[in-house]
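S.K.: This is the structure, below, for whatever I ask next.
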């Protein structure tokens, strides 16, 4: 297989796209950063270039690229507290591989269009996502009080008074103490107001939030 100038140009274009996408992820301190996304873009392009020159095996090689990227994406996703993180970065890894494959097949216009759309979704929609999360935050609370032959229902009523929705709740008595754990959803402002109220509550012996 001879080295062709167009193939080198394809690899350089993939390198440039990987730099742009990787810089955005590196700026946000994500697990898949600059070097990782450059390698994914260039590697996908190289595999695609090779697949287009191997005749009947082209489709099989392209399918294996998608499978391999799936394993990389799965390694990025993990659970932190009660939420799953890494989904956006895993999706970016997947899109970066697709961009590399597009460059490898010479589909420059549609690949550039996908690159611009993906980039805009990261930059423009990020403030909107933050706004939504501020309005619909999920936080975990755990508190312990002296057991007085009653449950901690008064705190559940307090949560509702602060306009927080109880997604999950659990209470457990241990000796002379009673523990309560809740997962609450609501605005950042209401969470802060509740936290201040709980910190000032003299009946609470332990508080995690």
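The values are calculated or read from the model by the stated rules, or taken from the named source; none is laboratory data. Keep in mind it's a predicted model, so treat the numbers as computed, not measured. All Cβ positions, even for glycine, are placed from backbone atoms using ideal geometry, and neighbour counts span all protein chains on display.
S.K.: Spot the failing condition for residue 110; the list is (1) in the same structural domain as residue 54 (by TED's automatic domain parsing); (2) exposed (fewer than 14 other Cβ atoms within 10 Å of the Cβ); (3) within 24 Å of the chain's Cα centre (by Cα), and only one is missed.
M.R.: It is condition (3) that residue 110 fails.
S.K.: With 58, 16 as the choices, which residue is over 17 Å from residue 123 (Cα atoms) and modelled with pLDDT of 90 or more?
M.R.: The conditions single out 16.
S.K.: How about the range 116-209: which strands (runs of 3 or more DSSP E) wholly inside it have at least 3 residues that are assigned by TED's automatic domain parsing to the domain that holds residue 96 and modelled with pLDDT under 90?
M.R.: none
S.K.: Return the residue satisfying two criteria in turn: it lies in the range 113-128 and is surrounded by 12 or more Cβ atoms within 10 Å (Cβ to Cβ) and touching a helix residue (DSSP H, G or I) at 6+ places or on another chain (Cβ under 9 Å), and of such residues it is nearest to residue 183 (Cα to Cα).
M.R.: Checking each candidate, the answer is 122.
S.K.: So which residues in the range 1-10 are touching a residue at least 60 places away in the same chain (Cβ under 8 Å) and either under 27 Å from the mean Cα position of the chain (by Cα) or surrounded by 16 or more Cβ atoms within 10 Å (Cβ to Cβ) (or both), if there are any at all?
M.R.: Across the range 1-10, the qualifying residue is only 10.
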